[in-house]
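Peer 1: Structure below; questions to follow.
The values are calculated or read from the model by the stated rules, or taken from the named source; none is laboratory data. What you see is a predicted model; the values in this text were computed from it and never measured. Glycine also receives a Cβ, built like all others from the backbone with ideal geometry; neighbour counts cover every protein chain displayed. For accessibility, only protein heavy atoms count, side chains too; no ligands or nucleic acids. Shrake-Rupley method; radii C 1.70, N 1.55, O 1.52, S 1.80 Å.
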Amino acid sequence: MANLRTAMDSAFWDLNVSSPHTLEGSAKAIPGDPFPIDGARASRVLRIQQLSLLGNGFPLGIIPSYSPTSHKDLGSFSLQSLLLRPATSNWWLGLIGQFRPKKLISSIKAEFSTNDDMEVPTFKDVAKHVLDKSLYSFGLCTQLLVAPSSSIKLSTEGHGEKKGRRNKFMLFHKLPYHDITLEAAWPELFIDHKGQYWDVPESISLDLSSLVSESGLRYRIGIHKNSGHPQAVNSIDGEVPTSLMPGLCAKAAFSYEKSQDLWRQKETKKDVMVKKDKGWFWRPSYDVRLKEPHAAVSGIFGGSCTAWFQDGRSPVAVELRGDEDNSTSTKKRSPFSADFFGSVCYSFQHGKFRELYGDLTRIDARLDICSASALAKRVINGLKSSSANSARDPMSSPRINLIFQQQVAGPIVFRVDSRVSLNSLPGKRGPHIEDFIYSLNYSLRLLRSGKVVAWYSPKRKEGMIELRVFEF
């Protein structure tokens with residue numbers, strides 16, 4: 001089933017989106033933006049833990065990733081590896097190293113081409129390029145289990161081509177029916193629905209989230225504080241999202257979700273046990289969440305209210321990195337707002353994902369209403385005027401998220417995630433594709449519902465390899 005809880009999680013500041021832009025492997029989604037597509041949600045497994053496991057299946061434990069940088073000579077291709085991983089029963093530490101080879105290769109080639117009489121460059125010349133700090137990035141992360149239900153995580157990372165470091169602190173405490181999370185970052189990296197990155201100098205969040213009850217009810221309460229002026233990392237227009245402006249915010253949200261099978265073919269003992277020449281063998285599905293063919297409908301409905309305790313009219317200067325010009329925009333932010341949201345999903349699966357070929361075809365279609373108030377304004381104003389209003393308010397347009405999965409061979413599945421906006425683009429009428437992600441998934445039977453995911457986003461021109469466990 002497509003992830004319905006994204007509807008409420010995206011209203012807060014702690015929803016992680018997969019991104020190779022940081023060594024941590026994620027950036028935060030921006031509250032007030034359309035819901036991110038399911039394929040973009042980051043893994044729940046920490047990046048250092050992912051590299052520790054993924055390294056066993058790659059030569060020398062080196063994992064590739066692809067992410068453009070502001071320094072074009074460095075290239076987009078990079079190699080990551082886990083250099084250190086000491087651990088005890090309640091504590092572990094990891095050191096990630098990243099290397100971008102393009103600039104080094106280009107520099108050494110230039111040395112050969114500039115030397116006269118075919119002289120071989122000296123060791124000193126080559127070492128100068130190898131020791132160029134802009135080629136390397138390092139990240140250190142540690143986690144301490146202070147109690148059976150509490151843990152503390154600290155991380156810091158630095159990139160050779162940039163000044164400063166990224167620092168993070170997280171405290172997680174699990175209660176019988178709630179989770180408490182405290183997060184702080186200096187700076188925090190956010191990504192908007194256009195694929196543009198923003199750095200907030202200081203971001204602090206305290207969140208209380210309930211577990212989903214048997215009735216389907218869930219609620220969250222959170223406090224968030226932004227400090228400093230948001231800086232555009234790769235933005236072109238310099239439009240600052242209002243939720244990233246300095247201020248203190250309190251937010252509460254609730255949701256109610258329900259799912260109903262139209263039909264389902266239950267797993268039987270005959271499916272799990274297979275008779276061979278040497279006797280009976282246990283043959284589970286490659287993924288326990290894809291083991292039963294079915295058709296189902298599900299939905300979620302909820303509401304949220306937000307209160308800002310600082311005037312949102314103050315101008316915010318936006319620094320465009322790599323550009324000499326700075327743009328200044330004045331944003332108006334309402335001190336109090338309330339809204340409703342909802343999603344409806346239909347899922348169809350053919351196959352049990354057990355055979356080597358042709359045993360899995362799955363389609364998920366989800367209709368998202370990100371903001372009921374923005375949609376109502378659009379309807380009231382009329383379609384003619386709404387085209388201009390919706391350009392200023394992307395939340396006014398309903399969106400359809402489509403997920404297509406097809407087994408290629410054995411545990412390998414090809415997947416496409418896409419988001420279609422029902423709003424018209426300037427000069428074009430009708431729906432259009434806002435975002436899509438291609439991925440190849442290799443399911444790991446030993447983890448029951450774990451998989452290695454290699455994805456690429458044409459919109460962001462980014463890609464990476466992740467380990468995801470019990471996610472869909």
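Peer 1: Output needed: percent of Cα pairs per 20 Å distance bin for the chain, bins running from 0 to the one holding the longest distance.
Peer 2: Calculated over all Cα pairs of the chain, the distribution is 21, 54, 22, 3, 0 percent.
Peer 1: Using θ = phi - 60° and the Karplus relation 6.51 cos²θ - 1.76 cosθ + 1.60, list the HN-Hα couplings for the stretch 155-167 in order, rounded to whole Hz, with x at every Gly or Pro.
Peer 2: Those phi angles translate into 8, 8, 8, x, 10, x, 7, 10, 8, x, 10, 9, 10 Hz.
Peer 1: Within the accessible area of the chain, what % is carbon and sulfur when the probe is 1.4 Å and the other protein chains stay in place? Mind dumping the intermediate values first?
Peer 2: Working: 15060 of 24020 Å².
Percent of accessible area from carbon and sulfur atoms in the chain: 63.
Peer 1: Okay, moving on. Could you check the simple spin-label distance between Leu53 and Lys266, using points 7 Å along Cα→Cβ, in nm with one decimal?
Peer 2: 3.1
Peer 1: While we're here: What residues qualify as long-range amide H neighbours of Ile30, i.e. H under 5 Å apart, gap of 5 or more or another chain, H built at 1.01 Å from N?
Peer 2: Ile191
Peer 1: Pairs Lys124/Lys162; Lys153/Lys225; Lys72/Lys162; Lys225/Lys251; Lys352/Lys451; Lys153/Lys459: which are spaced more than 23 Å apart, C-alpha to C-alpha?
Peer 2: Details: Lys124/Lys162 25 Å; Lys153/Lys225 20 Å; Lys72/Lys162 13 Å; Lys225/Lys251 11 Å; Lys352/Lys451 17 Å; Lys153/Lys459 32 Å.
Listed pairs above 23 Å: Lys124/Lys162; Lys153/Lys459.
Peer 1: Just the number: Rg to Rh for the stretch 2-84, Cα atoms, Kirkwood Rh, two decimals.
Peer 2: Numbers: Rg = 14.9 Å, Rh = 14.4 Å.
On the Cα set of the stretch 2-84, Rg over Rh gives 1.03.
Peer 1: Given Cα positions, please report Rg to Rh for the stretch 34-157, the hydrodynamic radius being the Kirkwood one. Please list the in-between numbers first.
Peer 2: Working: Rg = 19.3 Å, Rh = 17.4 Å.
So for the stretch 34-157, dividing Rg by the Kirkwood Rh gives 1.11.
Peer 1: Also, quick follow-up: Please state the Cα pair-distance histogram of the stretch 105-236 with 10 angstrom bins from zero: what percent is in each bin?
Peer 2: Spelled out bin by bin, the stretch 105-236 gives 10, 24, 25, 18, 12, 7, 4, 1, 0 percent.
Peer 1: Here's another thing I want to ask about it. Which aspartates and glutamates, on any chain, are close to Lys275 with Cα under 15 Å apart, when same-chain ones fewer than 8 places away are left out?
Peer 2: Result set, ordered by chain and number: Glu355.
Peer 1: Additional query: Using only alpha-carbon positions, what ratio does the radius of gyration of the stretch 37-104 give when scaled by 2.2 N^0.38 Å?
Peer 2: Working: Rg = 14.2 Å, N = 68, 2.2 N^0.38 = 10.9 Å.
In units of the 2.2 N^0.38 Å rule of thumb, it is 1.29.
Peer 1: Once phi is turned into ³J(HN,Hα) by the Karplus curve 6.51 cos²θ - 1.76 cosθ + 1.60 with θ = phi - 60°, what whole-Hz value does each residue of the stretch 9-21 show in order, with x for glycine and proline?
Peer 2: Per-residue couplings from phi come out as 4, 6, 7, 10, 9, 10, 7, 8, 10, 4, 7, x, 5 Hz.
Peer 1: Still on this structure, please answer the following. Using the heavy atoms of the protein chains and a 1.4 angstrom probe, tell me the accessible area per residue for the chain in square angstrom.
Peer 2: Working: 24020 Å² over 472 residues.
Spelled out: the 1.4 Å probe surface of the chain, per residue, equals 51 Å².
Peer 1: Work out, step by step, the length gained on full extension between Ala87 and Ala110: first 0.36 nm times the residue separation, then minus their alpha carbon distance; give nm to one decimal. Mind dumping the intermediate values first?
Peer 2: Numbers: separation 23, 0.36 × 23 = 8.28 nm, distance 4.36 nm.
Answer, rounded to one decimal: 3.9 nm.
Peer 1: What does the highest-first list of 359-372, 161-174, 72-85 look like by mean Cβ count within 10 Å?
Peer 2: 359-372, 72-85, 161-174
Peer 1: Do the sum for the chain: with -39,500 (n - 2.57) for every DSSP H run of n ≥ 4, divided by all residues, what is the mean residue ellipticity at 222 nm, to the nearest 500 deg cm²/dmol? Working shown, then result.
Peer 2: Numbers: 7 runs with 58 residues, N = 472.
Rounded to the nearest 500, the figure is -3500 deg cm²/dmol.
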